[in-house]
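Here's the structure we're looking at; comments come further down.
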Amino acid sequence: MTDVVSTAPPSSTGSNTADVAALIMELQAVGMRIETTLETSRKGGAGPSDSGMLWVEGVPVTVPPSADSPYALRAEDGSQGIYLHGVKVASVSGTSRPRFYDLTTADGVPYHQIALLHLDSLASTVVQTCNYWGNSDQCGFCGIGLSLASGATIAKKTPAMLAEVAVAAKELDGAVDATLTTGSSVAPDRGALYVARCGQAVKEAAGLPVEVQFEPPRDLTVLDRVHDMGIDAVGVHIESFDPAVLARVAPGKFRTGVDRYFQTWERAVEVFGEGRVSTYVILGMGEDPDLTVEMCRRAVDIGVYPFVVPLRPVAGSLMEHVPAPSREYTEPIYRKVAGFLAARGLGADTAVAGCARCQACSSLNLVQRAGAAPPCASPTGATRPAPLLQIGRRN
């Protein structure tokens, strides 16, 4: 393939990093009105869902569309900008449709049903079914079954399919890494070995760094086997450190238990190295912010990157009507966790691949770059969101 179009962003216009971080925190809290074409957006799916994907002042960002937001994305001469009350507050770039989306496999499967480009990261849910979906264990924040039901994707991607698409995404659109996840499996390895085989095929064909994501396997030697396939990083996502929240919004993960996640992370860090093991930590589900900060510190202390993100309500999910948390709530937590990461020498650059490398769904890396408050034992200053007492479940 020839005629490469890179998705790498232009350098920042020179805006202060702290100002850009503040703006992104606001955008991810209140969303953005779309008053022009935004081709790189996504609805449904495992994540990042219901989001516009764009570069804001050279920073990768996912932002939920909102008709009620005071911020607006508007067209300019050959580019786009973000406006607040008619005043431009940031430049936007890099929102064109990936070129590989127009290709299909030899047997007629569109490439965009196999993997998507999240700004500069190729991403795919290799098994788009989950044993938690559609029953009392369904995770409240997740939309993994929605894109499958809509026909936007296929149920299972093969290693060969993903390798083919990865080569095209790299050569046509400048993909720099691959992030592969999977629905939860009842198998003892929780699906880790299959997603790793897919990652191995991607790496061998396209040469991209690869992160694979899965739940804690029953036998932790599975982590060694994943590493032996050449996988660069792993994500083992707890979603919330608050057991009461897990019991309410992710019952399956609650049964696994916080201690089992720490055991898995400790072994994973031994195998993959510090900064190459990450976990999602979602803010805004009614969690105790002080407990969240303390457990993030504990994770960082063993070399794990806690990827702290605001809740992104997904239309059609059990939590679709739960609002995203405010900047006033998320910023103190970002600052504390960023301080822990800085003290440990961890950051987006140590993640190599995956969500923690991309950072588009969080302001954590920008806060760290801007200079976080040093970690201490004092309260976060964040007020705990109201508990989510009623989340409908499908039986």
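Assess whether residue 149 counts as being in a helix (DSSP H, G or I), at pLDDT below 95, surrounded by fewer than 17 Cβ atoms within 10 Å (Cβ to Cβ) and not basic (Lys, Arg).
So residue 149 passes the test.
Among the listed residues 252, 207, identify the single one that is in the same structural domain as residue 125 (by TED's automatic domain parsing) and small (Gly, Ala, Ser).
From the options 252, 207, the qualifying one is 207.
Among the numbered criteria (1) in a loop (DSSP other than H, G, I, E, B); (2) buried (at least 19 other Cβ atoms within 10 Å of the Cβ); (3) not acidic (Asp, Glu), which single criterion is violated by residue 321?
(2)
Being surrounded by 19 or more Cβ atoms within 10 Å (Cβ to Cβ), part of a strand (DSSP E or B), among the hydrophobic types (A, V, I, L, M, F, W, C) and in the same structural domain as residue 197 (by TED's automatic domain parsing) narrows it down to one residue among 122, 54; which is it?
The unique qualifying residue is 122.
Give the residue that is surrounded by the fewest Cβ atoms within 10 Å (Cβ to Cβ), with candidates limited to residues of region 154-176 that are over 16 Å from residue 209 (Cβ atoms) and of a type in the set (Lys, Arg).
Taking the candidates together, the pick is 156.
Here are some residues: 294, 287. Which one is farther than 21 Å from residue 348 by Cβ, among the acidic types (Asp, Glu) and crowded, with 22+ Cβ neighbours inside 10 Å?
287 is the lone residue from the list that is farther than 21 Å from residue 348 by Cβ, among the acidic types (Asp, Glu) and crowded, with 22+ Cβ neighbours inside 10 Å.
Condition check ((1) out of contact with any Lys or Arg (no Cβ under 9 Å at 6 or more places or on another chain); (2) under 26 Å from residue 333 (Cα atoms); (3) among the hydroxyl-bearing types (Ser, Thr, Tyr)) across all residues:
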position	(1), (2), (3)
189	no, no, no
192	no, no, no
207	no, no, no
224	no, no, no
233	no, yes, no
236	yes, yes, no
243	yes, yes, no
250	yes, yes, no
265	yes, yes, no
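Inspect all residues belonging to region 213-231 and state whether any of them is part of a helix (DSSP H, G or I), acidic (Asp, Glu), more than 29 Å from residue 292 (Cβ to Cβ) and touching a Gly at 6+ places or on another chain (Cβ under 8 Å).
There is no residue in region 213-231 that is part of a helix (DSSP H, G or I), acidic (Asp, Glu), more than 29 Å from residue 292 (Cβ to Cβ) and touching a Gly at 6+ places or on another chain (Cβ under 8 Å).
The values are calculated or read from the model by the stated rules, or taken from the named source; none is laboratory data. Keep in mind it's a predicted model, so treat the numbers as computed, not measured. Neighbour counts are summed over all protein chains in view; Cβ atoms, including those assigned to glycine, are modelled from backbone coordinates with ideal geometry.
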